[in-house]
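Okay, structure first, notes after.
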Amino acid sequence: MTHPKIKLFDLVAIRISDVDFLTTLARKGDVVDIVTFDPCDAQRQSWMCASKQIQAVAAEGIAFELTYGNALNDSANRRMFFASSRLLMENTQKGRNVFLSSGATHIIQIRGPYDAANISCLIGLDSYKGIHLVSNTPKNILLRSQARHFTIKGAINVADLEHVPHRDKTSVEAL
């Protein structure tokens, strides 16, 4: 999983099809940032019922993306979105490492952050957790990605000597 092309990207998102891949991510998930899927898909994802593997992947720091764009089209998609979302919320211990995004194919499907956060009330979470789904979790994903790219083994930050403050300069001049 250390393909040289992966190092060219800041974020890596994947779509998985079975439970075996979830098990692999739980053990070796240092390359992947996001697991994405279409909650409005007519075929139920087989891995959605594997709560232990989902919790292990979330504990590894990998986030699950819920896209609500297709749920705005018709009532059948809405029902499938809510059913899949509630199942994912139960399996991730009330939305741990889950975030909401539009997944929009048309501009009319894009909603503001508070509108997206209010969707969380419809899938069984409170409004505070909804704000967390659209703000804090995406920020944590970006920080995890940045730590992976700019640190060695997650402990040492590598910086240019030009950015290190000099004792003759004030901290403002060093920036």
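Rule-based calculations on the coordinates, nothing more; no lab input. Because the structure is a prediction, the values reported are computed rather than measured. Heads up, the Cβs are rebuilt from the backbone with ideal geometry, glycines too, and the neighbour counts pull from every protein chain shown.
A few remarks follow.
- Once the C-beta distance of Leu143 and Leu122 is scaled by a Förster radius of 22 Å, the resulting FRET efficiency is 0.20 to the nearest 0.05.
- The 3J(HN,Hα) values that the Karplus relation (6.51, -1.76, 1.60; θ = phi - 60°) gives for segment 94-102 are, in residue order, 6, x, 5, 6, 10, 9, 9, 9, 6 Hz. Gly and Pro appear as x.
- What the phi angles of segment 77-84 give under the Karplus curve with 6.51, -1.76 and 1.60, with θ = phi - 60°, is a coupling list of 5, 5, 4, 5, 4, 5, 5, 5 Hz, glycine and proline written as x.
- Difference of contour (0.36 nm per residue) and Cα-Cα distance, Ser102 to His3: 32.7 nm
- Among 6-15, 139-148, the order from most to least packed when residues are scored by Cβ within 10 Å on average: 139-148, 6-15
- Across the cross-link table entries Lys94/Lys139; Lys5/Lys28; Lys7/Lys52, which are compared at the Cα atoms, the separations over 25 Å belong to Lys7/Lys52.
- Taking amide H as placed 1.01 Å from N in the peptide plane, the amide H of Val12 sits under 5 Å from that of Asp33, Ile34, each at least 5 places away or on another chain.
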